[in-house]
1. Mind checking which residues of segment 196-250 are without any contact (Cβ under 8 Å) to a residue 24 or more places away in the chain, out of contact with any helix residue (DSSP H, G or I) (no Cβ under 8 Å at 6 or more places or on another chain) and assigned to a helix (DSSP H, G or I)?
2. From the list 295, 275, exactly one residue is within 27 Å of residue 214 (Cβ to Cβ) and over 32 Å from the mean Cα position of the chain (by Cα). Which is it?
3. Could you list, in sequence order, all residues of segment 102-142 that are outside any helix (DSSP H, G or I) and within 24 Å of residue 23 (Cα to Cα)?
4. Which condition from (1) part of a loop (DSSP other than H, G, I, E, B); (2) buried (at least 16 other Cβ atoms within 10 Å of the Cβ) is the one that residue 160 breaks?
């Protein structure tokens, strides 16, 4: 292990970096490694434990071992790939320990025999351990209790590349451009890594950002949050503009955002007084009321001639929530004024 790097760097396989994670960790390819490792391990284990050197018993033992490893493999694979966050994944500690020991022994035996190591299984464990670290960091309880095998504060460039599906050179170049702070001893601080990774389309664990109100978000995470908010109602999706339209449940006011956006959460706010947007933490506030390039956006939002249109970015869930609250409260205040005036 290199100085300043964490244990998953030993597990994560550099030849897989930059490749689609779904291809690298295809379940059939992982099962093939399980079966190959079981065949390799069965004979030496039987000889060591029972002095057995019978081919039939070795074959049966290999089949049984591979079958036992199928269960934890499937659970760990689904969890590491973050396929469906609504489904709880549970793996008994004994089964998890058996699986980790199986992969570790398979690697050691392959190295001793000069055979190919089970690289995909190692890569799977490395990814799962990064997910567990990120979730613990943001206060989530990982569904699978993977052990903490290292004491570094941040993520290595290999870990970042692996969970984002990026080439190692891409992450190293980002560090060179100082897009993230990085030291040889500690890697990239977890908070900085999360803010950088969430802006990459291949980031597997963006739900970690959504668990923190002050971590950077993008259009996808904002859309997920709005879907769960009782204050807004999803109206429709405009595919040609890649915009999702939303309506405040109490007053019918519309807003729009880049629902598929990865880099940032960009919002369009029609018919809003700019004074209502001050002090919320919004970024890149821009008046697009008279922008000819925004004509299709005006049509999608069904704006009346002369109605204002502001564009901004909500950097965090805290800011997004504050914006929705402000829009609801400002309309409520206007309604009270109108009622008093009448």
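Bear in mind these aren't lab numbers, they're just calculated from the coordinates by the rules spelled out. What you see is a predicted model; the values in this text were computed from it and never measured. Cβ: placed from backbone, ideal geometry, glycine included. Neighbour counts: every protein chain shown.
1. 227, 228
2. 275
3. 115, 116, 117, 118
4. With respect to (1) part of a loop (DSSP other than H, G, I, E, B); (2) buried (at least 16 other Cβ atoms within 10 Å of the Cβ), residue 160 is out only on (1).
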